[in-house]
Every structure is written in C-alpha cells, then in structure tokens.
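Visitor: Input: one structure, supplied below.
The values are calculated or read from the model by the stated rules, or taken from the named source; none is laboratory data. Not measured: the values here are computed from a predicted model. Quick reminder, even Gly has a Cβ in these numbers, built from the backbone with ideal geometry, and neighbours come from all protein chains shown. All accessible areas refer to the heavy atoms of the entire protein, side chains included, with ligands and DNA or RNA removed. Shrake-Rupley method; radii C 1.70, N 1.55, O 1.52, S 1.80 Å.
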Amino acid sequence: MFFDTIQAAPADPILGLGEAFKVEARPEKVNLGIGVYKNAKGETPIVKAVKEAEKRLLDTETSKNYLTIDGVAEYNAQTQILLFGADHEIIAGHRAKTAQSLGGTGALRVAAELAKRQLNVKKVWISNPTWPNHNAIFKAVGIEVCDYRYYNAAEHKLDWDGLIEDLSQAGKGDVVLLHGCCHNPTGIDPTPEQWDKLAQMSADKGWLPLFDFAYQGFGNGLEEDAYGLRSFLKCNKELLIASSYSKNFGMYNERVGAFTVVAENEDIANRVHSQVKTIIRTLYSNPASHGANTVALVLKDDALKAQWIAELDEMRGRIKTMREKFVELLKAKGATQNFDFIIEQNGMFSFSGLMPEQVNRLKNEFAIYIVRSGRINVAGMTENNISYICQSIVKVL
Ligand code: LMR
C-alpha cells in the first residue's frame, strides 16, 4: 500500500471557499471570496472585445499544431508594450524576453524555478499580508520565505517604516516580491515617491525584484498602474515580471499570463530565456494557444484595443462606485467605525479589518463568504446584494 498514509490537505484559503460556496444551499448566499469581477447584474461576462476576437479566430484558425515552448510571439511582444510602454528603450534594445505562461501563477512558478535552479537564490521577501499562494509557490521550490511588514492595521495604511526596516535586511541576490499595483489583499499601493525610493533601495542593495503584475488597469489606468514597475526599471537593469490577463481581460479560465525577464543586454536576456524554456518544458512542455491568440488579436487591432480599454475603464469605474456605496451603506446601517479608508484602496479587494470570528459569523449566519484575512472582493458586490452585505457586516461588527 502506498496511499494509505497520506493525510488530507487543508482546503485552499481562496479556491476552497469557492468549492464550499458551490454547495451552499441558502438562496441569499454571496461569494466575496475569489477575485473575480462581476457586473451590475452579478455576472462575469465575456469582455466584448474578447468575444469579437474569438469569433475572428474561429474563422481564421487553420491548425492546432503545437506552439513553441514560449508561446505566441505576438502575445509576448504585446505584453512587453503594456508593461514598458511601446517606446521604451528595453523593447528597442531587446533587453527583455517574455514567455507565455499558465496565468500569473504559472509565471510566478517559473520565476521561482529560475531563482532556485539558475540563480541559487536563498531567500525571497514577501509582503505580510500577501496572496497566500506566493508563500506556497516559493516554499514548493525550497526557497526560504521572509516577510516584510506592509500593513498598518490601526491606521489602515501602508506600514512604510516597517516595510523599509524589514527590507533593509534583504541582501544582495535576494528576491523581493512586489505587487505591481492593487496590492492583494490590502488594496494599498506605495505612492510614486515611495516607489522611487524603493527602486533606488533595490538597486543600492542588489536585490532581484520580482513584480507580480496581475491587476494592470484595475487601479488607476493601464499606464498609471505601471508606475512602480517603470520606476524600478530606471534604477534596476535586471528584473522579473509575472503578469496576468485573468482580471483585466476577464479571461480567468483561459490561463493567460506571461513571464518576462529584463536583463542588462540582449545576449544575456537570450541566455536566461533559454533556461526559462527548459524550465517550462519540464513543467508543462508548452502552453495553450486560444487565450494568448485572443489577447494578441485584441492588442494588435487598434479598434479592438480601444474597445477593451473602454470596457476595462468601465470595470474599474464600477468597482470605485461600489466602494463608495459600500462605505455609505455601512454608515447608513449603523456602523460606528469609520470605513472611509475603503474608498482609497485600489483594485478589486478591500481589506475590511474584519477578524476571523466575524468572517466565520458572516458565513455561518448570513451565507456571505469572504477570505479569512478579512479581504472582501468589492468587485463581487451589486446593487442587489450590497444592502444585505452591509446590514450583515454591521451585525457582526
Ligand atoms: C484571488 O486572489 O482571489 C485571485 O488571485 C484568484 C486566486 O487564484 O487566488
């Protein structure tokens, strides 16, 4: 017998909630756990620009032959344009190489494998709190995870002093993981001045920065949200980026992500990329084409791209409106605490300050599912459920 000693694994803190929600029988149930956008009707529709690109693809596709290990070339090129801006010297100098990946998570795993196999990285510094899978991915490859302080719970803001104090211990060659924008779970990002200081600190100390860039366009806009990354690129010649189109293209189940290496010059970038391909070959051989071809088609067609940006702006606008309503209704339903800080947070999530017992009560008494850390997916709120959500939260406060 081989299997009889295996212990059952705990449910995933985010995806496990979705499984429990599926079998939840109470009709008033609300899922504010996983980071998925919902429109005013509570649906997660296919972005129109995506649907149009898919139609065109269906008509023009002639083969299901394998992609190369690093995926769709046009997709990778378009990814760099979104990350750096079309006129960036990195693109002109071919200093970056991108490989299509299985979502942002796939890109993070490739980054972790590269750090372990090729760079002999011993430590990765990850914000506390963070998306739980960050820690799990680096632990899986045997790299020690160190925390840096990020959140000042009393004042609901960035713990800048704590962050600097902790990161001052990060040494040369350590990977420092940064959330490009819309920090998950807090929704709090550094200011441009703080990004500039961090970028300089990174260069001075010799860290290898790894940007997890999963929400470009959900904070303040596609260009605005790239500020932190581009600030780092001014000071750091080498950098890694894990990006994702799950959220901003709404292509969650197509697993469209990308892993980008920025190196000092083209020759080095090519060498690193060859190792990235070796890693991908041993993980999943080569990626799937549909999602990447769709994204590439949207991004290279001016009209489709403009339509996508308009739809993205609409998603961002709706989330901002829901934030304001959320705060307003909490007050109206009798909350005595000040929740104004929620309006300032970026992206899908709001770090509410709810404690685990309150999170449990929301689930047990009201069928409202949120992540144990108190993270609420504001993008899952609608005109229909927000009143019930606020009323229930006030009851558990
Ligand atoms: C989230 O944080 O909810 C998303 O990034 C989805 C996931 O994979 O956890």
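Visitor: Considering just Cα atoms, how many Å³ per residue does the convex hull of the range 290-331 enclose? List each step's numbers first, then the result.
Guide: On the way: hull volume 2.5 nm³, N = 42.
So the per-residue hull volume is 59 Å³.
Visitor: Given a 1.4 Å probe and every protein chain left where it sits, what share in percent of the accessible area of the chain is carbon and sulfur?
Guide: Carbon with sulfur: 52 percent of the solvent-accessible area.
Visitor: The range 273-366: D in µm²/s via Stokes-Einstein (Kirkwood Rh, Cα pairs, 4 °C, 1.567 mPa s)?
Guide: 73
Visitor: Counting only heavy atoms of protein chains, what accessible area per residue, in Å², does the range 154-218 have with a probe of 1.4 Å?
Guide: Ligands and nucleic acids excluded, the figure is 35 Å² per residue.
Visitor: Figure the gain on full extension for Glu264 and Glu357 (residue separation times 0.36 nm, minus the Cα-Cα span) and round it to one decimal in nm.
Guide: Result for the pair: 28.5 nm of gain on full extension.
Visitor: Here's a follow-up. What does the accessible area per residue of the range 1-60 come to in Å², with a 1.4 Å probe and no ligands, DNA or RNA counted?
Guide: 73
Visitor: So what's the chain giving for Rg/Rh, alpha carbon basis, Kirkwood Rh from the mean inverse pair distance?
Guide: Radius of gyration relative to Kirkwood radius: 0.96.
Visitor: Between the range 51-66 and the range 325-397, how far is it from one alpha carbon centroid to the other, in angstrom?
Guide: With the range 51-66 and the range 325-397 each reduced to a Cα centre, they are spaced 42 Å.
Visitor: Right, another one. Short version: what are the Cα gyration tensor semi-axes of the range 1-144, square root of 5 times each eigenvalue, largest first, in whole Å?
Guide: Working through the eigenvalues yields semi-axes of 31, 28, 18 Å.
Visitor: Tell me the label-point distance for the pair Thr282, Phe3, using the 7 Å Cα-to-Cβ offset, in nm and rounded to one decimal.
Guide: 2.7
Visitor: For q = 0.12 Å⁻¹, what log10 I(q)/I(0) does the range 66-300 give under the Debye formula with an equal point scatterer on each alpha carbon and no solvent?
Guide: After summing over all Cα pairs, the log10 values are -0.60.
Visitor: Sticking with this structure for a sec: Would you rank Arg149, Arg316, Arg372 by solvent-accessible area, highest first, keeping every protein chain in place and using a 1.4 Å probe? Mind dumping the intermediate values first?
Guide: Values: Arg149 95, Arg316 35, Arg372 145 Å².
Greatest to least solvent exposure: Arg372, Arg149, Arg316.
Visitor: Here is a follow-up. Using the basic label-point model (7 angstrom from Cα toward the beta carbon), what is the Glu223 to Glu328 distance in nanometres?
Guide: Between Glu223 and Glu328, the simple spin-label model gives 3.1 nm.
Visitor: Could you give me the ³J(HN,Hα) list for the range 217-232, computed from phi with Karplus coefficients 6.51, -1.76, 1.60 and θ = phi - 60°, whole Hz, x at Gly and Pro?
Guide: With the stated coefficients, the range 217-232 comes to x, 8, x, 10, x, 4, 6, 4, 6, 8, 4, x, 4, 5, 5, 4 Hz.
Visitor: Using 0.36 nm per residue, how much length does the chain from His94 to Ile343 gain when fully extended, once their Cα-Cα distance is taken away?
Guide: Once the chain is fully extended between His94 and Ile343, it gains 85.6 nm.
Visitor: Using a 1.4 angstrom probe on the protein heavy atoms only, could you order Asp87, Asp267, Asp302, Asp70 from most to least accessible area?
Guide: Numbers: Asp87 150, Asp267 90, Asp302 130, Asp70 30 Å².
These residues rank, largest area first, as Asp87, Asp302, Asp267, Asp70.
Visitor: What FRET efficiency do you get for Cys235 and Ser168 if R0 is 22 Å and r is their Cβ-Cβ distance, rounded to the nearest 0.05?
Guide: So, using R0 = 22 Å, E works out to roughly 0.85.
Visitor: In deg cm²/dmol, rounded to 500, what helix-only [θ] at 222 nm does the chain give when every DSSP H run of at least 4 residues adds -39500 (n - 2.57) and the total is split over its residues?
Guide: My calculation for the chain gives -14000 deg cm²/dmol from helical runs alone.
Visitor: Using only the alpha carbons, work out the radius of gyration and Dmax of the range 179-288 in angstrom.
Guide: Just the Cα atoms of the range 179-288 yield Rg and Dmax of 15.0, 42 Å.
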